[in-house]
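The values are calculated or read from the model by the stated rules, or taken from the named source; none is laboratory data. These figures come from a predicted structure and were not determined experimentally. Here Cβ is always computed from backbone atoms with ideal geometry, including for glycine, and neighbour counts include all displayed protein chains. Note: areas computed on protein heavy atoms with side chains; ligands, DNA, RNA excluded. Shrake-Rupley method; radii C 1.70, N 1.55, O 1.52, S 1.80 Å.
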Amino acid sequence: MAEKITYYALIDDFSSRTEPGGVLRRVGRDAGNVDEVFSRNLTWDPSPLLRGAERGDTMFDFAEITEDEANEIVARIRAEAAQAE
Amino acid sequence: MRIDQPEPGDPSAPPAPDAPRAPGAERRPAAERPGATEAAAERRPGRDTEAVPDRPARRESEAVPDRPARRESEAVPDRPAQHETEAVPERPPRHETEAVPERSARRETGPAAEAAGRPEAREPVSRADQIAAHLRYRETVSVTLQAAADRAAWAQARPELRAAWEDHKERYPERTRAVPHTTPDGSWSAGEHRRLDPEQNTEATKAHADLADEADRHILPALRRIEAADPDRQLAGLEHMVKGEDRLKEKLADAWSGRPGLNVMQVLNMIPDAVRSTLTYSSERYADGVITDIGRLKAEGFELLKLKNLWHADQYKGVNSQWRRPDTGTRFEMQFHTPESLDAKELTHEAYERIRSNAALPVDKQDLDEERDLENFQRHVNAQVATPPGTDRIKDFPEKPNG
């Protein structure tokens, strides 16, 4: 079965729904879900952040977004990282 | 609040709905009273004859002042919850109508009342007010009975839930977890993806000590004052009020990883639950209690940053809120629970720790079978937790744009 990927914008004090601070994806597989965040290493790394939110953690808000929106956030993070170097 | 029954012969005693009216008191046929019988029928179909004023004369004897004194304790809606639930179910239903949740709604007027020297007793009380008071009382009884049933259901389910968790642990023995540690160069790590460099580790260590100190000297005393304002609920979880140092660093590393563009102190300062406490309320008093205590926290000078009503969630039940001390910017978390939702949280805590640990592992090392089982366990436990009445009045903050 094909993987189903759902993307989420990560929002906090320093970001907003229109300019999220990060992006997380939930990859649905036959066996279960794997969550990955686009990390400061500029790679998709495993992350427990969304699980925490489902358990009541209030640090970040997560809003479901489209793949295109997720790609835009990734591109922005990459550009900002390149600029900072 | 205790409502005393009148002494036999007390002229100020509230009359039965059919008792003779004092001069000037309104008396209209039931059919002319808008909504009277309809409202009663809506509350309890088929029992409206008990609620409407024109019930048969035989009921008078049930409501007159010289009924046995033992009925006093049965008719008090505001006494402590555990007593209500013990007493109310034993009462024959007909006695519900005898109880007076708000005396003011049934005060009588007339010379006798004046003689009693109570100026407020001269105020006329409309039939609509009497009926409204009666309906409020019925609502109180209904909520109390439901809460007792919910508590009993949870108590009955708990052993099975506990056994289910033991069964899970047998099927999935705990795997070796990455042990958090500080290396000789001063950096910190816990597994492959959780790392802090020496400078970050030093900042996190100092922040943890500062948080513990602030919790002890400022936050806890304020919470104690709030707790003392109402004996009907209490603080819980104080033994874990400050998150462990390594757990704080794990959370910092996870959040910092997913938050490019911020430095470690910015992320550290956003962690809401390094200091955490819980207030628990009986189901009957939950919604009003939470709303009142949010006001008390504000009155203590704390700033509400975020509030999430999670009673609709499937893996966790309760209300979690994030607060800040304006003086220092320090955040802390307040959770609002019923005893049952807190018990469910504690019962699933180990499951959540396993989920969190598993989710932080490299993808090829994650055990997705166990993770699915753990989530199902959390859902199963929380499905047994009854939602208290009125939780829809506890609004998220900031409120979502779509409400």
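Here are the numbers for this structure:
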| item | result |
| --- | --- |
| Part-to-part distance (alpha-carbon centres) for segment A:1-15 and segment A:29-85, which is given in Å | 5 Å |
| Efficiency of FRET between A:Glu85 and B:Leu304 - r from beta-carbon atoms, R0 41 angstrom, step 0.05 | 0.55 |
| B:Arg217, B:Arg285, ranked by accessible area, largest first (probe 1.4 Å) | B:Arg217, B:Arg285 |
| Given B:Lys243/B:Lys308; B:Lys249/B:Lys400; B:Lys306/B:Lys395; A:Lys4/B:Lys400, the pairs whose alpha carbons are separated by over 22 Å | B:Lys249/B:Lys400; A:Lys4/B:Lys400 |
| Accessible area per residue in Å² at 1.4 Å probe, computed on segment B:189-392 | 38 Å² |
| Carbon/sulfur fraction of accessible area - chain A, other protein chains in place, 1.4 Å, % | 46 percent |
| Gyration tensor (alpha-carbon) shape descriptor, segment B:146-253, a/c threshold 1.5 | oblate |
| Segment B:Trp165-B:Asp216, extension gain: residue separation times 0.36 nm, minus the distance between their alpha carbons | 14.9 nm |
| Accessible area of B:Glu192 in the full protein assembly, 1.4 Å probe (Å², nearest 10) | 110 Å² |
| Chain-alone versus full-assembly comparison, segment A:28-42, residues with accessible loss of at least 40 Å² (1.4 Å probe) | A:Ala31, A:Val34, A:Arg40 |
| Cα-based convex hull, segment B:189-392, per residue volume (Å³, whole number) | 122 Å³ |
| Size of the A/B contact, given as accessible area buried on both chains, probe 1.4 Å, in Å² | 3300 Å² |
| Cα→Cβ-extended label distance, 7 Å offset, between B:Lys206 and B:Ala155, nm | 5.3 nm |
| On Cα atoms only, tilt of A:67-84 relative to the major axis of chain A in degrees | 40 degrees |
| Two-decimal Rg/Rh across segment B:185-234, once Rg and the Kirkwood Rh are taken from alpha-carbon atoms | 1.30 |
| Residues in segment A:1-17 occluded by at least 40 Å² - accessible area, probe radius 1.4 Å, against chain by itself | A:Asp13, A:Phe14 |
| Virtual spin-label span in nm between B:Lys395 and A:Thr43, 7 Å along Cα→Cβ | 4.6 nm |
| Heavy-atom accessible area, 1.4 Å probe, ligands and nucleic acids excluded: residues of segment B:307-340 down by at least 10 Å² from chain alone | B:Lys308, B:Leu310, B:Gln315, B:Tyr316, B:Asn320, B:Gln322, B:Arg331, B:Glu333 |
| Label-point separation, B:Leu145 to A:Arg78 (7 Å along Cα→Cβ), nm | 6.5 nm |
